[in-house]
Amino acid sequence: MRFDPMAQSPRRIAVKGFMLAIVCCCSWQWDGHETATAAEQSEPVFRAGAAKVEVKTPMGMPIVGNWNSPPATHVHDELHVRCLLLDDGQTRIAFAICDNVGIPREVFDAARNLIDAETDVDAENVLMAATHTHSGVSARDTRTVDGEQILSTYQQLLARRIADAVVNAEQRLQPAKIAWGSVDVPSEVHNRRWYVKDESLLDNPFGGVDKVRMNPPSSSDALIKPAGPTDPEVSFISVQTSDGAPLALLANYSLHYVGGVPAGEISADYFAAFSERIGGLLAAQGDADFVGILTNGTSGDVNNIPFGSKNRTSKEPYQRIEEVSKLVAEKVAAACQSIQYQDWVPLASAHAELTLEMRKPDPEMQRYFASLQGAGRDPDNIHRHAMTYAKRIERLQAGPDESTILLQAFRIGDLGVMSIPFEVFAETGLDLKKRSPLPDAFTIELANGSYGYLPTPRQHELGGYETWMGTNRVQLDASDRITDVLLSLSQQIAPND
Ligand SMILES: [Zn+2]
């Protein structure tokens, strides 16, 4: 079932002790029924297609993303896969974005195999990602039988619908113009990791004390300062038909999610609310083919709660989703007024597999959790999540020693897009934007897999929820390794001048 890009890679190079496979895509996408004329070859046509397909969520499945997982009882707004497909006449790339909290690699690989069989998009040229809505059902129930991974019914449905979105987008390919830009919306992003004065807020499930606290009590006098930055930039790619009608817009913002969804309700959160609103603002009314898409940037430590504010008021369900999506969409629509559309830009992609070591508990941690099992231990005196982490540590201990992840870099003209299969911290995204060899760049997280949080080494030293073993599962310098690979891939496809 697994997609194996190594098998297709024309060359391999060794980088810093791990094997890195790099593929630069330069091959013609060829329809054997047509013959390209000399004129077509010398003047390639830029084309784009976009599609949106429903996933149809079954009721009764647990809604995941929080400590409790109530069963789905009601659909407020249905979950979708939204796809933007671009073709410069030589290279075809696709972005397929799915409303889910996080989708494991084996599901994306199953979708990739379908896409490979059913479209003219090279499988490695498809970026698939989850939006990270916290009000969808789980895609994480893969079983392994006799060493073979068996997808659940819902996982098979997701893979099918991701492929369907790409198939439909390809069928809608038409001559198009493209532009990109960005606008800052700092008011909606807040770093959720804080230094606090009150040590009782810093206990962790391992019997230790952290230096920072995730989601501290809002408006508390104990708050000192956030432990990391935010990235206020909303980046976007806007596509029009050749006669200037809006065709699709794919945006990227580093905001975890918004929330305010009642328990038991299915919703694609502000990702969908933005996607539906932006079409109207771009005057795409009446054009059922327009597709808006909002991807998640690097938001592992950034949410929508203004922790330091003393004037917070309670909100109705979905109210914040409406407010945030409206503000972000209006800012993007205004920024679209001053971008220059181009009739043709070059496309390229490169990808690599990176093997990371999994974290394992040391003997001291194992002894600590074993001691919690002993009779006489007062449950009131241990951390409220200690037993949850005892189970997570057990699973890590019994699990594989390493994981191999897929990383991608794309070039759309002078714009770079990178993908990481983790919940990435804002400082990693800002670092990638700063060091990318392309003039503009952004990162889509939770792409091509879902391996938990990705704190930087500096944030690991501070501790806190996202760094806890079991929440974070890979080697402590993984963010540095991933950054190195993505910059190397971007260099491969960047313009030479
Ligand atoms: Zn989350």
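The values are calculated or read from the model by the stated rules, or taken from the named source; none is laboratory data. Everything quoted here is computed from the prediction, not taken from an experiment. Neighbour counts are summed over all protein chains in view; Cβ atoms, including those assigned to glycine, are modelled from backbone coordinates with ideal geometry. Areas reflect the complete protein model, heavy atoms only, side chains present, ligands, DNA and RNA absent. Shrake-Rupley method; radii C 1.70, N 1.55, O 1.52, S 1.80 Å.
Can you work out which of the residues in the range 243-266 that are in contact with a helix residue (DSSP H, G or I) (Cβ under 8 Å, 6 or more places away or on another chain) and more than 14 Å from the ligand (Cβ to nearest atom) is nearest to His190 (Cα to Cα)?
Step by step, filter the range 243-266, then rank; the result is Tyr253.
Only one of (1) open to solvent by 70 Å² or more (accessible area, probe 1.4 Å); (2) at pLDDT 95 or above; (3) not β-branched (Val, Ile, Thr) is not met by Ala14, so which one is it?
Every listed condition holds for Ala14 apart from (2).
Among the residues of the range 241-263, write down those that are assigned to a strand (DSSP E or B) and surrounded by fewer than 21 Cβ atoms within 10 Å (Cβ to Cβ).
The one that is assigned to a strand (DSSP E or B) and surrounded by fewer than 21 Cβ atoms within 10 Å (Cβ to Cβ): Thr241.
Does at least one position in the range 426-448 carry a residue that is touching a helix residue (DSSP H, G or I) at 6+ places or on another chain (Cβ under 6 Å), part of a loop (DSSP other than H, G, I, E, B), of a type outside the set (Val, Ile, Thr) and on the phi > 0 side of the Ramachandran plot?
Yes, that holds for at least one residue.
Looking only at the range 267-283, filter to residues that are free of Cβ contacts under 8 Å to residues at least 60 places away in the same chain and open to solvent by less than 10 Å² (accessible area, probe 1.4 Å); which one of those is nearest to the ligand (Cβ to nearest atom)?
My answer is Tyr270.
Six or more apart or on different chains, Cβ under 9 Å: which pairs go from a residue in the range 342-367 that's open to solvent by less than 40 Å² (accessible area, probe 1.4 Å) to one that's acidic (Asp, Glu) and assigned to a strand (DSSP E or B)? Could you list them?
Filtered contacts from the range 342-367: Leu347/Asp87; Leu356/Glu402; Met358/Glu402.
Considering the range 33-75 alone, what residues qualify as being at pLDDT 85 or above, open to solvent by less than 70 Å² (accessible area, probe 1.4 Å) and out of contact with any strand residue (DSSP E or B) (no Cβ under 8 Å at 6 or more places or on another chain)?
Selection gives Pro44 alone.
Regarding Lys310, is this residue open to solvent by 50 Å² or more (accessible area, probe 1.4 Å), farther than 27 Å from Thr131 by Cα and assigned to a loop (DSSP other than H, G, I, E, B)?
Taking the combined requirement at face value, the residue satisfies it.
Looking at (1) in contact with a helix residue (DSSP H, G or I) (Cβ under 7 Å, 6 or more places away or on another chain); (2) modelled with pLDDT of 95 or more; (3) not small (Gly, Ala, Ser), find the lone condition where Arg192 falls short.
Among (1) in contact with a helix residue (DSSP H, G or I) (Cβ under 7 Å, 6 or more places away or on another chain); (2) modelled with pLDDT of 95 or more; (3) not small (Gly, Ala, Ser), the lone unmet condition for Arg192 is (1).
Anything in the range 392-414 that is of a type in the set (Lys, Arg) and surrounded by 12 or more Cβ atoms within 10 Å (Cβ to Cβ)? List them, or say none.
Arg392, Arg411
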